[in-house]
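I have placed the structure first, in the form of structure tokens, so that the comments after it can refer back to it.
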Amino acid sequence: ANTKPVNDTAAVTRFMLERARESHPHGPRLHPIAAASVGLKGEEMAPLAELKRAGCVAVSNDGRPVENAELLRRIMEYAADLDLIFIDHCEDARLGKGWLMNEGVKGQPDVGEAVQIARDVMLAEYLHLPVHIAHVSSSLSVDVIAWGKARGVQVSAETCPHYLLLDESALEGYNTAAKVSPPLRRPEDR
């Protein structure tokens, strides 16, 4: 969803799919993910039905959390009605606005991720809908996901290789090659 331009219209989705088709058989097999909100701004729900008809298989606001819980609820409900997988980018941007690392200079602590995951797991339980948590980066978040699963919530999650292989020490000397979102965490979070 966090493409340039943002995949928040059917025209963008069709363009992406056409480019993939032109590259076949050597190009990518594309399964487009729709933006959850217009422009990924978290203010207004994107036209999910239109995006589904154009070929999207999931919906996400990847790269930016949906801070408004009421909007998130509507997105989750509408995505479920359309049989679209909802993939969530979890962080509390207010706990670490402008973050670059786990803690310290403009830090984004792991609790910011875990708080959003807890909110979304509880919302998924309340709505009886599934939620997928993208790029989990901390052990605290894993604990929250396990808590949700123990309660019977339909929650799934994934992480990225850098969260398994690196920790915040990779940022020593302000190594910009190690800036990722969410940021690298402590060694015990790997």
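The values are calculated or read from the model by the stated rules, or taken from the named source; none is laboratory data. Just so you know, these numbers come straight off a predicted model, no measurement behind them. Here the Cβ is made from the backbone with ideal geometry for all residues, glycine too, and neighbour counts use every protein chain on show. When the accessible area is computed, the model is the full protein with side chains, heavy atoms only, and any ligands, DNA or RNA have been set aside. Shrake-Rupley method; radii C 1.70, N 1.55, O 1.52, S 1.80 Å.
Looking at (1) closer than 22 Å to Glu77 by Cβ; (2) surrounded by fewer than 17 Cβ atoms within 10 Å (Cβ to Cβ); (3) hydrophobic (A, V, I, L, M, F, W, C), which is the only condition Ile133 fails?
(2)
Yes or no: the range 73-83 includes at least one residue that is open to solvent by less than 10 Å² (accessible area, probe 1.4 Å), among the acidic types (Asp, Glu) and at pLDDT 90 or above.
No, because not a single residue in the range 73-83 is open to solvent by less than 10 Å² (accessible area, probe 1.4 Å), among the acidic types (Asp, Glu) and at pLDDT 90 or above.
Taking Glu91 as the residue in question, decide whether it is without any contact (Cβ under 8 Å) to a residue 24 or more places away in the chain, closer than 28 Å to Val144 by Cβ and out of contact with any strand residue (DSSP E or B) (no Cβ under 7 Å at 6 or more places or on another chain).
The answer is no for Glu91.
Any chance you could count how many residues in the range 141-155 are open to solvent by less than 50 Å² (accessible area, probe 1.4 Å) and within 12 Å of Val131 (Cα to Cα)?
Number satisfying all stated conditions: 4.
Would you please name the residue that is surrounded by the most Cβ atoms within 10 Å (Cβ to Cβ), looking only at residues in the range 1-49 that are assigned to a loop (DSSP other than H, G, I, E, B) and of a type in the set (Gly, Ala, Ser)?
Step by step, filter the range 1-49, then rank; the result is Ala36.
Residues Pro28, Pro5, Pro32: which one is modelled with pLDDT under 95, out of contact with any Asp or Glu (no Cβ under 8 Å at 6 or more places or on another chain) and not polar (S, T, N, Q)?
Pro28 is the lone residue from the list that is modelled with pLDDT under 95, out of contact with any Asp or Glu (no Cβ under 8 Å at 6 or more places or on another chain) and not polar (S, T, N, Q).
Scanning the range 52-64 for residues that are open to solvent by 20 Å² or more (accessible area, probe 1.4 Å) and outside any helix (DSSP H, G or I), which turns out farthest from Arg21 (Cα to Cα)?
Residue satisfying both the conditions and the ranking: Arg64.
What residue, of Glu91, Glu103, Glu113, is modelled with pLDDT under 95 and part of a helix (DSSP H, G or I)?
Of the residues listed, the single one that is modelled with pLDDT under 95 and part of a helix (DSSP H, G or I) is Glu113.
Can you tell me how many residues in the range 124-160 are closer than 14 Å to Ile85 by Cα, touching a helix residue (DSSP H, G or I) at 6+ places or on another chain (Cβ under 6 Å) and either at pLDDT below 95 or of a type outside the set (Gly, Ala, Ser) (or both)?
Of the residues in the range 124-160, 4 are closer than 14 Å to Ile85 by Cα, touching a helix residue (DSSP H, G or I) at 6+ places or on another chain (Cβ under 6 Å) and either at pLDDT below 95 or of a type outside the set (Gly, Ala, Ser) (or both).
I'd like to verify a number: residues in the range 165-190 that are assigned to a loop (DSSP other than H, G, I, E, B), acidic (Asp, Glu) and open to solvent by 70 Å² or more (accessible area, probe 1.4 Å), how many?
1
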